[in-house]
Amino acid sequence: MALLQISEPGQSTAPHQHRLAAGIDLGTTNSLVATIKSGLASVLPDDQGEVIFPSVVRYGKDGVAAIGKAARDQASEDPYNTISSVKRLIGLSAEDITESSAGMMFKLEKTDSSVPRIATDAGAKTAIEVSADILRALRTRAELSLGGELTGVVVTVPAYFDDTQRQATKDAAKLAGLNVYRLVNEPTAAAIAYGLDRADADSTIAVYDLGGGTFDISILKLEKGVFEVLSTAGDTALGGDDIDNAIVDWVVAQHGVEVGGNAGLQRTLLDQARVVKHALSTNDQAQFSIQHGELSINSTVSLETFNSLVAELIQNTLKSCRNALRQAKLKKNQIDNVVMVGGSTRVPAVRAAVSEFFEREVLTDINPDEVVAIGAALQADVLAGNKPDSDMLLLDVIPLSLGIETHGGLVEQIIPRNTTIPAARAQEFTTYKDGQTAMALHVVQGERDLVRDCRSLGRFELRGFNPVVAGQARIQVTFQVDADGLLTVSAVERDSGVQAEVQIKPSYGLRDSEIESMIRDSMTNAQQDVAARMLQEQRVEAERAVEALDAAMAKDADEFLDENEKQKIVDAREAVVQSSTATDADSIKSALRVLEKVSEVYVSRRMNASIGEAMKGKTIDSYEKQDSPT
Ligand code: ADP
Ligand code: MG
């Protein structure tokens with residue numbers, strides 16, 4: 001995702017009017033709100049001076065019974081009405097929710113609606129509604145502190161959030177009465193907080209974010225003031241909670257305590273573990289002491305013990321770092337800055353390990369749990385028009401994949417969804433038939449494998465190139481999406497230089513709800529699509545084999561084959577033709593294999609006769625797998 005620095009005319013209106021704007025980090029575990037006051041970024045505290053707002057809501061009969069710290073601290077009293085980690089659910093459909101995405105205490109209502117609802121005493125709540133309650137509390141905090149209504153906010157989301165999750169987050173903000181200027185990726189916000197967007201030189205930045213229940217590593221590239229996410233990796237079930245659990249397990253083992261299904265005791269142990277963990281980020285040892293009914297535990301946890309408890313977790317995060325680097329095709333030494341984000345990066349062993357891994361000092365000057373909110377506040381300030389001299393920040397990605405129809409009604413994706421714009425991608429195609437001198441190009445949009453399930457964006461033709469045998473022509477098709485989302489598709493035949501192009505506005509006429517349902521469909525139908533694609537590919541394969549064989553046989557079957565051999569091939573060919581009408585890919589495949597086998601002798605004799613060049617690409621076993629638009 002890019003932040004394009006383009007000034008929006010008309011944005012910088014009344015020069016002296018300061019608009020109230022805020023940045024909100026809507027986190028899985030904790031949320032924060034920050035603003036820019038007299039040019040300085042600051043996180044806004046509650047009346048107790050607490051800046052961190054636990055993302056927890058407890059519902060009662062009359063609605064929200066407690067929120068934030070109060071709700072978190074009472075969790076053990078009313079676990080089923082206390083909703084935490086709701087961010088894990090936002091934008092997901094009921095089918096998306098698996099055991100692994102759960103790990104949450106609350107109960108989901110059984111409804112026929114595709115949006116999951118959580119059963120509470122205040123009625124069934126969607127993740128959007130729960131998030132809206134959190135955002136409303138942050139809005140109140142900001143408005144009380146700033147003494148006026150917020151003009152607009154920037155809300156941050158994980159870089160890997162898809163359109164539906166982003167849309168759902170926006171909806172939650174709307175429901176909370178907030179005007180969302182923009183959603184910004186969390187790692188991008190963190191980089192902005194460090195001023196990396198204002199650096200003179202282009203750079204590559206790794207953002208390591210270890211929070212309460214999730215770990216994200218993002219590699220960003222900053223080029224000419226534009227941020228691009230090169231890769232993201234991580235683990236949605238790895239974070240500070242695991243450290244708490246590891247401490248509890250250790251203590252429990254030390255004392256031979258049976259926790260069993262005692263939720264209250266479990267909660268008390270975990271709360272104490274968190275206290276110990278926090279203490280150990282500045283001390284060499286800490287006291288684990290609880291009193292729960294008859295049970296009393298008093299145990300010293302040394303930093304050494306603690307470090308051994310977190311070693312594996314840290315190693316797991318480094319695996320993801322390796323993964324992200326590999327995806328971005330970068331080496332460690334190509335990373336210019338490493339930004340540390342998330343409360344759990346306060347653990348000294350985490351900092352040390354990440355620093356050692358990237359072989360450089362990591363950025364920790366800004367409070368790791370505030371850095372995202374601060375970056376968001378800086379963005380919001382600009383977008384509110386409070387910095388008329390600075391450039392505006394625009395943010396956009398391609399909402400649905402763009403591709404081209406290939407032979408057999410299949411889609412070849414050229415630019416996958418969520419690619420940053422501007423974007424350009426090229427791919428080479430070839431012809432399907434001998435002597436072909438024109439090619440029809442059909443541009444489609446969508447996530448499905450078959451053209452008929454996608455949206456047609458436009459067609460154009462490339463005409464007048466030199467006739468060659470099938471598979472020999474090289475047609476380069478280029479997709480280019482400019483900063484306004486305008487798509488231009490061009491094609492050029494390498495040999496003759498013939499070219500053609502068409503301009504399309506891809507998102508035109510697509511409502512958000514349609515985009516959502518198309519993405520949903522592609523998820524629900526993924527399996528069906530794979531089967532349909534395989535069948536279609538086999539059919540194309542069969543068609544190709546038969547055509548090539550026919551062309552060859554017409555030319556020289558009599559020269560190389562006796563009647564008996566010829567008959568065998570003809571029979572096998574017939575079987576392939578018959579099998580093509582079948583609906584399972586496997587039977588076509590096996591018929592093809594038989595045809596290949598019986599024509600081996602023919603193929604090798606032709607080769608031996610070194611008919612070579614002219615016939616290249618025509619022997620049944622020498623097909624290259626290439627996409628070929630009709
Ligand atoms: P998220 O982004 O997932 O909402 P945060 O970035 O706020 O979460 O991180 C919350 C986690 O950070 C919690 O597990 C918390 O215990 C942990 N944390 C906060 N401060 C410290 C500290 N000083 N030492 C170790 N862990 C800490
Ligand atoms: Mg966070």
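Hey, what's the chain come to in accessible area per residue, 1.4 Å probe, Å²? Could the numbers behind the result be given before it?
Values: 29170 Å² over 630 residues.
So the chain comes to 46 Å² accessible per residue, rounded to a whole number.
Angle of helix 303-328 to the longest C-alpha principal axis of the chain, folded into 0 to 90 degrees and rounded to 10: 30°. Only Lys, Arg, Asp and Glu carry charge here, each on its Cβ (+1 for the first two, -1 for the last two); on that basis segment 530-615 has a dipole of about 260 debye about its Cα centre.
Here the convex hull built on the C-alpha positions of the chain has a volume of 203 cubic angstrom per residue. With axes computed from alpha carbons, what is the tilt in degrees of helix 263-279 against the longest principal axis of the chain, rounded to the nearest 10 within 0 to 90? Tilt relative to the chain: about 90 degrees.
Computed from label points 7 Å out along Cα-Cβ, the spacing between Ser93 and Glu359 is 4.7 nm.
Distance from the Cα centroid of segment 112-152 to that of segment 171-235 is 23 Å (rounded to whole angstrom). Here's how it looks for Thr126: its modeled amide H is under 5 Å from those of Ile118, which are all 5 or more places away or on a different chain.
Summing +1 for each Lys or Arg and -1 for each Asp or Glu, what net charge is found among the other residues whose Cβ lies under 10 Å from the Cβ of Ile243?
Numbers: positive: Arg274, Lys277; negative: Asp241, Asp242, Asp244.
Charge balance near Ile243 sits at -1.
The calculated 222 nm mean residue ellipticity attributable to helices in the chain amounts to -11500 deg cm²/dmol, summing -39500 (n - 2.57) over DSSP H runs of n ≥ 4 and dividing by all residues. Label zone of Gln48 (point 7 Å out along Cα→Cβ, amide N under 20 Å): in segment 257-282 this covers 267-279. Protein heavy-atom surface of the chain, 1.4 angstrom probe: 46% of the accessible area is carbon and sulfur, with nucleic acids and ligands not counted. Checking every one of the GluC sites (Glu not before Pro) in segment 270-356 against DSSP loop status and a limit of 16 other Cβ atoms within 10 Å picks out Glu294.
With a cut-off of 18 Å on the backbone N, the residues of segment 398-433 near the modelled label site 7 Å out from Arg459 along Cα-Cβ are 403-412, 432-433.
Computed packing ranks the peptides 328-337, 363-372, 26-35, 64-73 as 26-35, 363-372, 64-73, 328-337, most packed first, by mean other Cβ atoms within 10 Å.
A cut-off of 5 Å between modelled amide H atoms, ignoring neighbours fewer than 5 places along the same chain, links Val56 with Gly68.
In what sequence, largest accessible area first, do Ser308, Ser320 appear using a 1.4 Å probe? Before the final figure, lay out the partial values.
Numbers: Ser308 80, Ser320 15 Å².
Result of the area sort, largest leading: Ser308, Ser320.
Sorting 423-434, 145-156 by their mean Cβ neighbour count within 10 Å, with the most densely packed peptide first, gives 145-156, 423-434.
Among beta bridges identified by DSSP and lying wholly in the chain, the antiparallel ones come to about 85 percent. Relative to the longest principal axis of the Cα atoms of the chain, helix 585-598 runs at roughly 40 degrees. With all pairs of separate Cα atoms included, segment 530-615 yields a Kirkwood hydrodynamic radius of 13.4 Å.
The values are calculated or read from the model by the stated rules, or taken from the named source; none is laboratory data. Computed from a predicted model, the values in this text were never measured in an experiment. Cβ sites come from the backbone with ideal geometry, for glycine too, and all protein chains shown count toward neighbours. With ligands, DNA and RNA removed, areas are computed over all heavy atoms of the protein, side chains included. Shrake-Rupley method; radii C 1.70, N 1.55, O 1.52, S 1.80 Å.
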